[in-house]
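One structure is given here, and the rest of the page talks about it.
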Amino acid sequence: MHAVAALAVAAVTALHPAPDLGRQTLAPNDGWAAAEGGTTGGAAARRAVTVRTREELAAAVAGDEPKIVYVEGALDAGGKSCADYAVPEYDLQRYLEAYDPAHWTGPASGPMEEARKASAANQRKDVVIGIGSNTTLVGRRGAELTGLGLMVDKADNVIVRNLAVHDAYDCFPVWSGGDWKTDYDNLMISESTHVWVDHVTLTDGDRPDQAEPFYFGKRFLRHDGLLDVVRGSDLVTVSWSVFSGHDKSLLWGNTDNPEHDAGKLRVTLHHNLLSGLNQRAPRVRHGRVHVYNNAYVVPAGSDYQYSWGVGVNSAIYAQNNTFSGTTPDKVIHGWGGTAIHEEGTLVNGRPVNVLAAYNAVKDPDLGSDVGWTPALHGRVDPARAVPALVRAKAGAGRIS
């Protein structure tokens, strides 16, 4: 019976082979990344390569020629510790003593800050992986990056799929004078266009910021964003992914200055699981952002602040999203914007107008007319179906 069953499986596989994810391109209507020519990544490459080390990955994704890169196994920065990156002049305790607000005002500067910068530069060489244009980066089953951060910078036509990226950990946070700032995102899209991020899992891994101490009354953050879209980036689709256990999570537009961002930062976020994110899910400036069919989970006892940040000139169009573990008035936060469109939202299983809930407790009120209606999108599922859908299908390893 076992031999017969194996032959049957082989026959079915031959008739219906598993899809080659490296050759797949974004569907013609799948969000903003499908606009203005679409997103094909490295589908035109003559052959694909498989990488198994950090060095192989960095070399394979560099450059602008068409390329398909498969990640196999668990990759990291080479097992180095923070002490390995620190220059002899740097010491955290002396840094804290130097910039204690009891006697220091403003951002850190001077010899100890220069030592921190030099140490951070050493780490950055190992952490950041730059992805060039016309790239498809795909994780094979179980593939993950730990202690590394992917950067799509000044690139066009990039696909990242089926990959887990954990713990882009900053050994050397900087004191800004009012808060701790960190340097690395799990995935950053900067000055880039036509990017499709699909079935990825982004987390802080085994070193969450909530476990870090407080210095100068502020959490000593070790992680920056999970997925930031900044500096005039445009035409991005983020689909069927998991974002988990993070503070400042999805920042889309990093400045109120419209010089580089006006008319850009068009992003679609659909069918994602966003669990344990304290804020910025997303926080938007300038962009027209379609947020639909996402499931938000707020764990008990978390430091949850809000999910949708309505920033300057932003135009968020939210449809059929679900929230659990919070109250309707906390879903939205005003960051200088004037309007957000929301419809079909469920909070703890009940239909709620979260814009009305926000306006009932905050001033000034936000309007509901964002000046556009999304045209590029697939099926908008009923909100009640969303939690089960994303739990079954979102994240690395769940492409069907």
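The values are calculated or read from the model by the stated rules, or taken from the named source; none is laboratory data. Nothing here was measured: the structure is a model prediction, and the numbers come from that model. Cβ: placed from backbone, ideal geometry, glycine included. Neighbour counts: every protein chain shown. Surface accessibility is based on the protein's heavy atoms, side chains included, excluding ligands, DNA and RNA. Shrake-Rupley method; radii C 1.70, N 1.55, O 1.52, S 1.80 Å.
Stretched out straight at 0.36 nm per residue, the stretch from A121 to S400 would grow longer than its current Cα-Cα span by 96.4 nm.
Taking amide H as placed 1.01 Å from N in the peptide plane, G337 has its amide H under 5 Å from the amide H of G311, V312, each at least 5 places away in sequence or on another chain.
Computed from backbone phi, the HN-Hα couplings of region 395-400 come to x, 4, x, 10, 7, 9 Hz, rounded to whole numbers (Karplus: 6.51 cos²θ - 1.76 cosθ + 1.60, θ = phi - 60°; Gly and Pro given as x).
Taking all protein chains together and a 1.4 Å probe, the residues S109, S119 rank S109, S119 from largest to smallest accessible area. May I ask you to list the chymotrypsin sites (Phe, Trp or Tyr not before Pro) in region 335-400 that are in a DSSP loop and have at most 13 other Cβ atoms within 10 Å of their Cβ? For chymotrypsin sites (Phe, Trp or Tyr not before Pro) across region 335-400 that sit outside H, G, I, E and B with at most 13 neighbouring Cβ atoms in 10 Å, the list reads W372. The separation of region 276-336 from region 92-111, counted between C-alpha centres, amounts to 35 Å.
The solvent-accessible area of L57, taken with every protein chain present and a 1.4 Å probe, is close to 0 Å².
Only protein heavy atoms count here; on that basis, with a 1.4 Å probe, S368 has an accessible area of about 70 Å².
Please return the longest range in the chain lying between exposed loop sites, taking GluC sites (Glu not before Pro), DSSP loop only, at most 16 other beta-carbon atoms within 10 Å, and leaving the sites out.
The reported range is 260-400.
Assuming R0 = 51 Å, can you tell me the calculated FRET efficiency for the pair W372 and A74, based on Cβ-Cβ distance, to the nearest 0.05? Rounded to the nearest 0.05, the efficiency is 0.75.
The overall shape of region 185-229 is oblate: from the C-alpha gyration tensor, with semi-axes ordered a ≥ b ≥ c, the ratio a/c is 1.5 or greater and a/b is no larger than b/c. Averaged per residue, region 334-400 has 57 square angstrom of accessible surface, using a 1.4 angstrom probe with ligands and nucleic acids left out.
What is the sum of charges around H199, taking Lys and Arg as +1, Asp and Glu as -1, for the other residues whose C-beta is under 11 Å from the C-beta of H199? Walk me through the numbers before you get to the answer.
Values: positive: R161, K393, R398; negative: D198.
Neighbourhood net charge equals +2.
Could you tally the net charge around H333, taking each other residue with its Cβ under 9 Å from the Cβ of H333, Lys/Arg +1 and Asp/Glu -1? Charge balance in the 9 Å sphere: +3.
Could you state the accessible area per residue of region 234-313 in Å², with a 1.4 Å probe and every protein chain left in place?
Details: 2090 Å² over 80 residues.
For region 234-313, the per-residue accessible area is 26 Å².
With both labels modelled 7 Å from their Cα along Cα-to-Cβ, the E65 to N29 distance reads 3.8 nm. Taking one quarter of the surface of the C-alpha convex hull of the chain gives a mean projected area of 22.3 nm².
Report the net charge of residues surrounding W252, where surrounding means a beta-carbon distance below 15 angstrom and charges are Lys +1, Arg +1, Asp -1, Glu -1. Within the 15 Å Cβ shell, the charges total +1. The ellipsoid that matches the Cα gyration tensor of region 234-352 has semi-axes, each √(5λ) in whole angstrom, of 22, 14, 14, with the longest given first.
Close amide-amide hydrogen proximity is noted between D156 and S133, N134, T193, each under 5 Å apart and 5 or more residues distant or on a separate chain (H modeled in the peptide plane; Pro and chain starts excluded). Extension gain, E259-F216: 0.36 nm per intervening residue step, less the Cα-Cα distance, totals 12.0 nm.
Take the Cβ atoms of V87 and E343, set R0 to 56 Å, and the FRET efficiency comes out at 0.55.
Solvent-accessible area of the chain (1.4 angstrom probe, protein heavy atoms only): carbon and sulfur portion equals 53 percent. Taking amide H as placed 1.01 Å from N in the peptide plane, E342 has its amide H under 5 Å from the amide H of A318, each at least 5 places away in sequence or on another chain. Rolling a 1.4 angstrom probe over the protein heavy atoms with all chains in place gives region 72-115 an accessible area of 60 Å² per residue.
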